[in-house]
1. So if I check each of 362, 378, which one is part of a helix (DSSP H, G or I) and either crowded, with 22+ Cβ neighbours inside 10 Å or modelled with pLDDT under 90 (or both)?
2. Which ones in segment 296-324 are within 19 Å of residue 171 (Cα to Cα) and basic (Lys, Arg)?
3. Among the residues of segment 436-466, which ones are assigned to a loop (DSSP other than H, G, I, E, B) and within 13 Å of residue 398 (Cβ to Cβ)?
4. Let me spell it out: the conditions are (1) surrounded by fewer than 17 Cβ atoms within 10 Å (Cβ to Cβ); (2) more than 25 Å from residue 271 (Cα to Cα), and residue 431 meets all of them except one. Which number is the exception?
5. From the list 238, 252, pick out the single residue that is part of a helix (DSSP H, G or I), aliphatic (A, V, I, L, M) and at negative phi.
6. So which residues in segment 433-456 are over 30 Å from the mean Cα position of the chain (by Cα) and not aliphatic (A, V, I, L, M)?
7. Return yes when residue 206 is over 26 Å from the mean Cα position of the chain (by Cα) and assigned to a helix (DSSP H, G or I) and no when it is not.
8. Determine if segment 152-165 includes at least one residue that is over 25 Å from residue 326 (Cα atoms), among the β-branched types (Val, Ile, Thr) and in a loop (DSSP other than H, G, I, E, B).
Amino acid sequence: MSDTGQQAAVAAAAAATGSVLPPVPQLFQMDAIDMAEGWQQELVDSFQAVGQLLAGRSAIEVHDVLQQKASESMRTHGELVNGLVYGVLTEAHNAPTLFRQLSIVSRDGFAHAVGRLVQVASSTKFAKLKANVRQQLLWTLGELIRMHAGGTDKLVHALLRQMRGGDSAPPNTRFCRQLLGVLTQHYAWLTQHATLVGLAAYAFARMMLDHHQAAADLCALEGEFVARLVHEHFDMCALVGRDLVRVLQDVARDASIAALWAGELGRRVEQLLAVPTPRVFLASRLTFDMEARVMFILEHVPATAYGRNLQWFVQRFMGTATGETLFADVVRFVCGVWHPSNAVLASSVVPRYVFLGGLLRFVRSAVAGARVKLALFFDWLVYDAARDSIMNVEPGVLMVARSVDRYAYLTESLVEFLAFTADAYCPRLAGEVHGGVLRVMRDAVDKGVVPSLLPVYAHPQVGRATRRTMRRLWAGLVPAEEDEPDAEPQPGPEPEPEPAVGADRDQAADQAEAELVALAPLPPPMAEEDLAALDPVSRMFHEDAGDEPDDASDSGAEDAEDFAVAAVAADLPAPDAALDDAGLWVFGASLRDFVHGVRAQAFPAAADVAQLVDVFAQSDVAVRPVAAILACALDAGALEDVEVVEAGMPDTLHHVLAALQPYALQEGAAGERALELVSLLAATCVDVGFRWLLACLAGAGGGAYRRLAAHVHCGVRALLGRDLCVLQERSSAVFYASLARVYAAFRAELPGIPLVVRSVAQLIDQPTVYLLSVQLAQKRLALFGGRAGHVLRVVQEMGADAFELVCLWQLAGAEVAGQPRVARRLVRQTLHGRWLDPAEAPEAAAGLLAVLRAVAPDEGLWRALVRASSADSGGDSLDEIYSAKPAPRRRPRRLRRNVITSDDDDDNDDNGQAEADRKDGFSTDSSLSSKSSPLVHGESDIDDDF
């Protein structure tokens, strides 16, 4: 029923009962149980009074009555203004007349009217404002600007804040377009308010990042508007300070913004970076509703209970496709706007760095993670204690210092990101940036934010490369020599670290560089004389980010060792040496042309690659020299991004693998040689494994992939686990899109692989949960198989956090739907094993209850529930409970056989599954979990440490 119908029904009910109910406000979309705020009811009551006052009067009489009433007292003046403002907002057809009447009664230059409009515009319920009211609000804004009403700039400020970052839905996009149209139309008035010019430039530059794909035409209009403001009123826009550089860097590829970088902005970037961004600008990128939610957590929620509030906030405001762009805005707000008092710091309320550490866990992409880390450290780059506040950098300092005990990798990744940012963010200012990073930590030590950096530097879990970086960044605050007694990890007995964390630690430098580059893809280095031809952002980033640490490990080799898939040596000869092999004469000059073409970035066509593979398969030449020559394509850049391959633009490796598939399916020498070549390529680069899987799915199916598993003496499940984990790390989008096709080819092998299920959970979001749930319910995909309880237990032991467990239980519920026996088995396994503690994982317990509600009750489930409840409560044993109850009525034997399942049977099922996993190369130990994203941390209780 519409709001008008509801109001009519309420009025009819009131007439039938003889009572008079107040009219319902028509500003916001409200449910039947919602209660209007007092000021809303005041507006609608005043509108009703004005309507009764003017009913049946002529235009002259209306004018006289309004003048008389407005002059009686300030109270009657306010009631008239309230009623007319409400009428303008809710009755579009009568709005011009009502606005004229408003101009008649106004005695304060529209101050009271503007105040009421600001109250509407700054409401935390603005997202529920009706579309017609929102349109009338913008129309009224234009009329007030034309009337030169005082305080209109405050109304524009409030409306700019209501442009929701991270939301590309049509209502928000439409509102941005309408507000941009009003400000463009009244551009001359806008330029008379310096702060408003900076707010508009900053807000629309930030919104361009959300609109460049969802609304390209709007993004172009916003770019022209921002470029015009910065070009014509640079001094006003400079009030924003350094964060204007940050948001304009994100959209530097836009034509208007690129021209801006090439002009005055590129020449005066140092001036902008030197100005700290005032709080009013940082706060403007969070709506009033978002700010209220964040402040509630930071002011009232204790550190032991903030996780659920934060999860709700992320799901509420960052659950859309572009929602991850909002993470950086929240980080900037927490660092630059909310500076807690000493009383708050001494209380149990969650600290800012703990909140940001928990927020960082929800970031799912490397690009968003790079923006978040840059937002965290942005004030470090040009820090000066004379103009910058230590509170702006305190969260980053504490995250570096206090996460080292249990999350050393987080500390290392932040340090490495700082180092690469200092070197490559703006090369011509690299010395100043390094000085700013040093001044931050020195000021933090002097003011007692952290007592010293020595505990971080000397921590056993901190790698040697990170110590070198710390000496370079914070000389004088850490020991200058590597060979100090406490500087090396202690070799004594200690708990065995997780291989995944150690492997990631060695790759911290590579990950930090990748995240920095992800901020803005840039061309390769150029000579100084060619820099003038580049756009300004490219000039800022034109130098290399830095060299890899000496002890950086090979990720592909580590992955191969972790999964123990292939027992082949990766020490292939160099391509030039391989070309001198006498046995390659059968290829003629084709192999040499292949190498030269790859090195010159002139990659051969599919037909030429197929011809090379044909000659190889039909001859008896040695495999290793050919593998070394083909592997040069992996080093020379022919291995394109996997999304490009899926989009229909295959690279050289794709051609090689596609040509090898038919031979891999053959029995005999040709098939064995093809499989040996693939295994050697996979030992050289771990990406070859999932590329071979994708090529098999696109070609002849899973037969060639199974033959490769047999060739390397590895189970298909183990090989699938490795390759799908690597695919998820390289491209989560392709990983999720390929799961159904993988299941179609490997129906017996894919279900029940814990590592695959863990990979599914690591970067999942709500839209992906819905997509996979539909596929699971339609039986086009299976992830858990008949051992869902076993798989969920193993994944939980791998360190899955609460959000991941919630998603996995939703997926498990979708898979077992319509299968009562499998659902009962899942419930019994979970309850008998008692590995799911509701106090530790309430979200996962809720998922179990959802599955339980969908299962018809039987005696076996009742016994499991009683046993679990009695064990948790410490009450009577199951035998005592049974002895205290009347003897159950006897049932037919054929019914009891299918219902009752003993604990021994469930334990045997789990043991059998564990044994099957060990045979396939898996282990239930959490140390074999796939390498977790540096933004997810791979831990479920990171907030406890912070």
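The values are calculated or read from the model by the stated rules, or taken from the named source; none is laboratory data. Quick caveat, the model's predicted, so the values are computed rather than measured. Quick reminder, even Gly has a Cβ in these numbers, built from the backbone with ideal geometry, and neighbours come from all protein chains shown. Side chains are part of the model used for accessible areas, which takes the heavy atoms of the whole protein and leaves out ligands, DNA and RNA. Shrake-Rupley method; radii C 1.70, N 1.55, O 1.52, S 1.80 Å.
1. After ruling out the rest, the residue left standing is 378.
2. Within segment 296-324, just 316 meets the criteria.
3. 447, 448, 449, 450, 451, 453
4. So the condition that residue 431 fails would be (2).
5. When all the criteria are applied, what remains is 238.
6. Selection gives 435, 439, 442, 443, 446, 447, 448, 451, 452, 455.
7. Judged against the criteria, residue 206 is not a match.
8. There is no residue in segment 152-165 that is over 25 Å from residue 326 (Cα atoms), among the β-branched types (Val, Ile, Thr) and in a loop (DSSP other than H, G, I, E, B).
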